[in-house]
Amino acid sequence: MYSIRHPKRSWFGLGTIAKIKDEAAFLGARNALFFTDKGVRGAGVADMALAPLEEAGVEVTIYDECPPEPAIADLERAFDEFKNGAFDLVVGVGGGSSMDMAKSIGALLGNDGAPRDYLGIELVPKPGVSTILAPTTSGTGAEATPNAIFSVPEEQVKLAIVSTHVIPFAAIVDPNLTLSAPPKVTSAAGVDAFTHCLETYVARNATPLSEMYSLEGMKLIARSLRRVCDDGSDIEARTDMALGSYYGGVALAGAGAGAIHALAYPLGSRFHIPHGVSNSLMFSHVMKENHAAAPEKFARIARILGESTDGMSDAEAAALSVGAVEKLCRDCGVPTRLGEVDIPAHAIPELAEAAFKLERLLSCNPKELTLEDIERIYRAAA
Ligand SMILES: [Fe+2]
């Protein structure tokens with residue numbers, strides 16, 4: 001038995017951002033709260049969604065202070081500001097942080113609790129205000145997931161609101177919105193998207209439904225991530241990345257991420273390393289630990305990444321996936337070792353303890369990892 005969850009409606013393709021007008025009209029929206037960040041607004045990308053909303057006669061309140069890698073206090077501040085507003089639509093246009101803020105506020109506005117009450121799995125009691133999300137990076141897949149991630153600095157962890165009620169009403173994935181993403185954001189986000197597809201594919205709770213998205217996402221990203229890192233104006237490659245990222249999001253909704261994310265999160269919460277870079281730092285090192293647990297799947301990953309595996313056993317082919325991923329990250333200029341971002345070896349025991357607590361992620365990993373395993377992986381990545 002298995003199931004998968006999607007946004008109620010998804011639009012994909014060049015120019016689809018104009019569809020936000022129809023979606024808002026369909027929902028009967030009159031008064032929208034709009035989450036973005038100053039970079040996206042300054043680049044004129046938010047206007048691509050604001051203009052059609054205005055045409056639809058929707059009153060829009062803009063919040064452009066979504067920070068990168070938001071903390072739970074950022075969500076609490078925004079909620080305090082808007083909790084008494086009569087909003088009938090919440091829009092998020094931006095990277096993962098703006099979308100996570102938007103979908104969380106949408107859920108909060110229809111429920112009685114405070115942001116921290118909903119950190120955990122399926123703790124949001126009922127549907128909130130409808131949300132429409134449009135990504136401006138190809139990475140988190142947040143436009144399709146039931147997850148919103150926030151750091152909790154006092155506990156030095158990143159926690160998630162995970163709820164079916166957090167999945168947006170509509171996802172609008174228009175590759176045009178990603179054209180102005182800077183190179184460093186493009187490469188790190190692209191690695192994150194590939195991580196989602198790969199981790200969900202090998203996850204213990206993967207299903208035929210989630211695997212379909214994982215595999216197609218990996219194929220799209222494998223053929224276009226290097227291209228988009230070389231030339232951010234390559235719209236064909238941007239289009240592949242946007243679709244691959246969306247697929248990764250749907251796959252996350254159907255199967256969880258695993259130990260790459262579990263070991264990456266403490267790097268983000270303790271050392272403020274951007275999420276995609278954190279994944280890249282742990283990516284090949286965790287795969288080295290995992291590939292023997294699912295040789296057939298890792299052999300397929302090696303082939304998707306262009307490795308020739310003719311005449312090899314699955315186990316031999318699977319081992320090639322590790323170097324292929326490391327090369328992909330390196331070719332895109334994203335670091336793959338902790339020393340490259342000045343994370344000291346003495347921090348490793350604490351990092352391992354923080355990662356070991358992330359049961360939601362570790363329980364999906366193809367191999368069960370002990371605290372000692374995790375510490376060893378960090379040391380191998382040093
Ligand atoms: Fe991620």
At q = 0.13, 0.14, 0.17 Å⁻¹, the log10 of I(q)/I(0) for the range 9-178 from a Debye sum over equal Cα scatterers comes to -0.53, -0.62, -0.94
Here the relative contact order (percent) of the chain, from C-alpha pairs under 8 Å and at least 6 apart, is 15 percent
Burial-style ranking of 326-334, 280-288, 249-257, average other-beta-carbon count within 10 Å with highest first, yields 249-257, 280-288, 326-334
Answer in debye to the nearest 20: the dipole magnitude of the range 183-381 about its Cα centre, from +1 Lys/Arg and -1 Asp/Glu charges placed on Cβ, is 160 debye
Computed over the range 255-316, the Cα gyration tensor eigenvalues, each multiplied by 5 and square-rooted, give semi-axes in Å (largest first) of 28, 11, 9
Total charge of the residues flanking A355 in space, meaning their Cβ is under 11 Å from its Cβ, with Lys and Arg +1 and Asp and Glu -1, is -2
In terms of the alpha carbon gyration tensor, root eigenvalues a ≥ b ≥ c, rounded if a/c is under 1.5 and otherwise prolate when a/b exceeds b/c or oblate, the range 20-112 is oblate
Note on the range 171-237: alpha-carbon gyration tensor, axes a ≥ b ≥ c; rule is a/c under 1.5 for rounded, else prolate if a/b larger than b/c, else oblate; result prolate
The range 79-113 and the range 198-212 have their Cα centres apart by a whole-number Å value of 30 Å
Of all DSSP beta bridges with both partners in the chain, the antiparallel percent, nearest 5, is 25 percent
The rounded separation in angstrom of the Cα centers of the range 331-353 and the range 168-191 is 26 Å
Given 10 °C, 1.306 mPa s and a Kirkwood radius over Cα pairs, the Stokes-Einstein diffusion coefficient of the chain in µm²/s is 77 µm²/s
Residues other than A114 with Cβ under 15 Å of its Cβ, Lys/Arg counted +1 and Asp/Glu -1, net out at -3
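Computed from the coordinates by the stated procedures, all read-outs in this text should not be read as laboratory data. The model shown is predicted, which means the values in this text are computed figures rather than measured ones. FYI the Cβ positions are ideal-geometry reconstructions off the backbone, even for glycines, and counts take in every protein chain you see.
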